[in-house]
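See structure below.
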Amino acid sequence: MRLYNTLSGHTEEFTARDGEALMYVCGITPYSDSHLGHAMSYVIFDTLRRYLEYRGLKVKHVQNYTDIDDKLIARAGREGVPMDEVAERYIREFERDTAALNILPAHIYPRATQEIPAIIEMIEGLIEKGYAYPSQPRDGSSDVYYRVEKKADYGKLSKRSLDSMLSGARIEPLEGKENPMDFTLWKGAKPGEPSWDSPWGPGRPGWHIECSAMSLRHLGKQIDLHGGGLDLVFPHHENEIAQTEAYTGEAPFSRFWVHNGFLQMGEEKMSKSLGNLITMREAIDRFGPDGVRIFILGSSYRKPLTYSEEAMAAAKVAAERLRVAVTCEDGGTGDPVDGAPYKERFIAAMEDDLNTSAAIAVLFDLAREINRARDAGRAVGEAQSTMRELAGVLGLRLEAADESLAAAPFVDLLIELRKELREAKQYALADRIRTGLAELGIVLEDGAGGTSWKSA
RNA sequence: GGCGACGUGGCCAAGUGGUUAAGGCAGGGGUCUGCAAAACCCCCAUCGGCGGUUCGAAUCCGCCCGUCGCCUCCA
């Protein structure tokens, strides 16, 4: 398939070198609720992975948890509980919500705190090769910085030069750094902070080094695809490239760099620091997993996507439309609908830099064809299974949400009662049952084969 | 200040040089239905503005207007 590569700035043919695609996706820092913006990123990379697998490629997917970080420490301090307890809580939430969104679990979820030896080893190697240096010790521990000037191609991912970075007014020169852009590989411990022993005294890893160390350890020196949100391009991914390539001496660290656009909240981006967010949980509860996925996949993964209640509600209704087409009863034995042309169009769309929007449009076209054919007494079973297969590539379940509702037997009883009333032409009473159930969130539909129901 | 993205119907959103500008939602009119719902049929845009290149541009170039992101933790 064709994929846009941030590193080259072009769309290129994506292939895996050894028949198995090695894919690393930057994970979350588990210090508070995950929001719809996170859902966007992980739904997109999940869809990419599903598509690659659908096309017969094996994928090994690693996604980290940054379970040591300033905000995590601050949160734990505020709550008066250990840091790992906070991390554990939000990791569990994240896993629950991503599972609800039908996001396939990664094969390995490394955590920074469990990779300390690998991180230290890598930092030592960088110092030996002259790419890193410790600062003057204070209170028995030092920071370690990466020397950005040592490698000539620093800035190749984000397409910036060191000069242009330095001309930006935002960088504060830090005491002990040779160059203000040098970034931290190891942070010397401050009193009361969680820390690990190291050759530079007690401390903890900087943000960027963990991903390099984990990627190296779990996937090897060179990988096929590294993904994350657009905001990670600089400095995070730029720094990962610098330190990994300096350490291994092999380039490129990752052949493809894929970044998703941001979820906008009205005029601003949705982010934890701005506090303007819809949590993953809330979005799933209100619009359903398929609704959330259709909202996200309905636009291009590289463009900014703007959240609105209206758009989310539209996506929920749209998901229902697909569900009806894929679950409706067969029309009969007439001329069967051929799903093949739709499958071809779907694949062509996905091949083109993951054009999920066009792929979804194909699903809607197929849905219309199925509905039309069913009304005409034609066989639609095969077309429905094609549709189910393609929807599955987008991670859509297209299942009714109400199958195990506790009230189901009572609803069935009321439907039976209403049927008798209708047969006796007692329409006023029959309609009272229907409107009464509607107010409780149960929608009745009278079809040729009887009355069915669903929760709204 | 530096780098970048975007502006398509009421809303969301594909399309990036050439038949009638995808698809979804909403709206209007029909069919079906006891009435609804669902489904089906029909209707609903010349692509921010100006100028240029071209036989031909939403699609390429220039300028302008507007919106947003990154450069600092962030999917």
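Quick note: the coordinates plus some simple rules give every number you see, no bench work behind them. On a predicted model such as this, the values are computed, not experimentally measured, just so you know. Cβ atoms come from the backbone with ideal geometry, glycine included; neighbour counts cover every protein chain shown.
For chain A, the antiparallel share of DSSP beta bridges with both residues in that region comes to about 50%. Near the amide H of residue A:59, within less than 5 Å, lie the amide hydrogens of A:21, all on another chain or at least 5 residues away, with H placed in the peptide plane. Principal semi-axes of the equivalent ellipsoid, √(5λ) from the alpha carbon gyration tensor of chain A, are 51, 26, 17 Å from largest down. Per-residue ellipticity at 222 nm, computed for chain A from helices alone with -39500 (n - 2.57) per DSSP H run of at least four residues, works out to -14500 deg cm²/dmol. Residue by residue, the stretch A:238-243 carries 3J(HN,Hα) couplings of 4, 6, 4, 4, 4, 6 Hz when phi is fed to the Karplus relation 6.51 cos²θ - 1.76 cosθ + 1.60 (θ = phi - 60°); x denotes Gly or Pro.
The phi torsions of the stretch A:216-225, fed into the Karplus equation with coefficients 6.51, -1.76 and 1.60 and a -60° offset, translate into couplings of 4, 6, 9, 10, x, 5, 10, 10, 8, 8 Hz, rounded to whole numbers, with Gly and Pro shown as x. Rounded to the nearest 20 debye, the dipole magnitude of the stretch A:2-260 is 540 debye, with +1 charges on Lys and Arg beta carbons, -1 on Asp and Glu beta carbons, and the Cα centre as origin.
How large is the charge dipole for the stretch A:201-258, taken about the Cα centre, if only the Cβ atoms of Lys, Arg (+1) and Asp, Glu (-1) carry charge, to the nearest 20 debye? Dipole of the stretch A:201-258, to the nearest 20 debye: 180 debye.
Applying 0.36 nm per residue to the separation of residue A:327 and residue A:221 and subtracting their alpha-carbon distance, the gain on full extension is 33.5 nm. Couplings 3J(HN,Hα) of the stretch A:439-456, computed from phi: 5, 8, x, 10, 9, 9, 10, 8, x, 4, x, x, 9, 10, 9, 8, 8, 6 Hz, in residue order, whole Hz [Karplus 6.51 cos²θ - 1.76 cosθ + 1.60, θ = phi - 60°; x for Gly and Pro]. With Cα atoms as the point set, the stretch A:52-134 shows a radius of gyration and Dmax of 17.2, 49 Å.
In this structure the amide hydrogen of residue A:306, modeled in the peptide plane, comes within under 5 Å of the amide hydrogens of A:264, none closer than 5 places in sequence on its chain. In this simple spin-label model, placing a label point 7 Å from the Cα along the Cα-to-Cβ direction at both residue A:382 and residue A:306 gives a separation of 4.5 nm. When +1 charges are put on Lys and Arg Cβ atoms and -1 charges on Asp and Glu Cβ atoms, the dipole computed for chain A relative to its Cα centre reaches about 400 debye.
Would you work out if the stretch A:2-260 is rounded, prolate or oblate? Take a ≥ b ≥ c from the square roots of the eigenvalues of the alpha-carbon gyration tensor; rounded if a/c is under 1.5, else prolate when a/b is larger than b/c, oblate otherwise. Judged from the Cα gyration tensor, the stretch A:2-260 comes out oblate (a/c at least 1.5, b/c at or above a/b). Here the peptides A:4-12, A:137-145, A:59-67 are ranked by packing, the mean other Cβ count within 10 Å, and the order with the highest first is A:59-67, A:137-145, A:4-12.
Computed over the stretch A:298-445, the alpha-carbon pair-distance distribution with 5 angstrom bins reads 2, 8, 14, 15, 14, 14, 13, 9, 6, 3, 1, 0, each value a whole percent. Per-residue extension of 0.36 nm, minus the Cα-Cα distance of residue A:139 and residue A:399, leaves a gain of 87.6 nm for this segment.
Amide H contacts of residue A:223 (H built 1.01 Å from N, in plane; Pro and chain starts excluded): A:254, A:255 sit under 5 Å, all sequence-distant by 5 or more or on other chains.
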